[in-house]
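Comments concern the structure below.
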Amino acid sequence: MSNKRKTCKAEKAKVQGINPKLRFPEFRDAEAWKKQRIENLAKRGSGHTPNKKTPGNYNGGIKWVSLADSKRLDNGFIYETTFEISKEGLKNSSAVLHPPGTVIVSRDAGVGKSAILYSAMAVSQHFIAWQCDKSKLSNWFLYCFLQILKPSFEMVAVGNTIKTIGLPYFKELRITVPSLIEQQKIADCLSSIDKLITAQTQ
């Protein structure tokens with residue numbers, strides 16, 4: 001195994017909380033990772049479902065992520081959505097248009113599934129949406145961290161028919177982060193590993 005792949009594996013373990021001594025060479029003497037609330041690193045938002053009994057609320061060209069898009073999640077970017085809403089749908093509901101690069105995670109059915117918006121999209125109330133402060137948090141690093149936290153999400157979800165995670169949990173959710181430069185290096189590394197695994201399993 002190459003030194004680069006060994007380092008990538010170590011960095012992935014660190015994100016999981018093992019915190020090994022091995023880091024990318026340029027960061028070995030860097031400051032320790034810090035545990036912070038996502039609330040302090042990104043602007044949190046959510047969404048809504050426009051009234052389906054009003055035809056004018058839908059098919060207006062605005063991509064809208066819903067539980068129907070479960071299979072499109074956990075693949076990095078989400079490019080398309082099953083349903084689209086209209087400007088009227090936005091106006092007549094609590095739905096908002098989130099900018100490209102926003103990180104979303106499902107808090108209901110398919111709990112813990114996440115993605116990064118490739119373009120501006122709205123989401124249903126079943127999702128938490130984080131717009132990262134680019135000076136503090138890499139959206140790809142956050143996405144990778146959320147992927148690793150999926151087992152934890154499944155454990156804290158409650159409900160008999162449909163398991164869900166309450167908003168207070170996400171308000172207090174903390175992640176451990178290094179410097180922004182190291183975040184991006186790790187995110188690039190993990191992304192390359194995921195692409196390699198995907199290619200080998202196809």
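The values are calculated or read from the model by the stated rules, or taken from the named source; none is laboratory data. The structure presented is a predicted model; accordingly, all values stated were derived computationally and were not measured. So basically every Cβ, Gly included, is an ideal-geometry build from the backbone, and we count neighbours across all protein chains shown.
Out of G76, G56, G89, G60, I need the residue that is within 24 Å of D133 (Cβ to Cβ) and either in the same structural domain as A122 (by TED's automatic domain parsing) or of a type in the set (D, E, K, R) (or both). Which one?
Matching residue, one of G76, G56, G89, G60: G76.
Go through the residues of segment 130-138 one by one and say whether even a single one is in the same structural domain as K63 (by TED's automatic domain parsing), small (G, A, S) and within 22 Å of T49 (Cβ to Cβ).
There is no residue in segment 130-138 that is in the same structural domain as K63 (by TED's automatic domain parsing), small (G, A, S) and within 22 Å of T49 (Cβ to Cβ).
For Y169, state whether it is more than 30 Å from F24 (Cβ to Cβ), at pLDDT 85 or above and not hydrophobic (A, V, I, L, M, F, W, C). Spell out how you get there, then give the answer.
Numbers: more than 30 Å from F24 (Cβ to Cβ): yes; at pLDDT 85 or above: yes; not hydrophobic (A, V, I, L, M, F, W, C): yes.
So Y169 passes the test.
Report the residue count in segment 106-137 for those that are in contact (Cβ under 8 Å) with a residue 60 or more places away in the chain and not polar (S, T, N, Q).
Residues that pass the stated criteria total 12.
Just give me the residues in segment 106-118 being in contact with a strand residue (DSSP E or B) (Cβ under 7 Å, 6 or more places away or on another chain), in a loop (DSSP other than H, G, I, E, B) and small (G, A, S), in sequence order.
Across segment 106-118, the qualifying residue is only G112.
Can you spot a residue in segment 142-155 that is under 28 Å from S93 (Cα atoms), in contact with a helix residue (DSSP H, G or I) (Cβ under 9 Å, 6 or more places away or on another chain) and hydroxyl-bearing (S, T, Y)?
Yes, because at least one residue in segment 142-155 is under 28 Å from S93 (Cα atoms), in contact with a helix residue (DSSP H, G or I) (Cβ under 9 Å, 6 or more places away or on another chain) and hydroxyl-bearing (S, T, Y).
Restricting attention to segment 178-202, and to residues there that are of a type in the set (A, V, I, L, M, F, W, C) and more than 15 Å from the chain's Cα centre (by Cα), which single residue is modelled with the lowest pLDDT?
That would be I197.
Within segment 155-180, which residues are part of a helix (DSSP H, G or I), in contact (Cβ under 8 Å) with a residue 60 or more places away in the chain and surrounded by 13 or more Cβ atoms within 10 Å (Cβ to Cβ)?
Selection gives F170 alone.
May I ask you to list the residues in segment 128-154 that are of a type outside the set (S, T, N, Q) and part of a loop (DSSP other than H, G, I, E, B)?
Those that are of a type outside the set (S, T, N, Q) and part of a loop (DSSP other than H, G, I, E, B): D133, K134, K136, L137, L149.
Can you give me the ranges of the strands (runs of 3 or more DSSP E) entirely in segment 14-105 with at least 1 residues that are of a type outside the set (G, A, S) and modelled with pLDDT under 95?
Correct list: 34-37.
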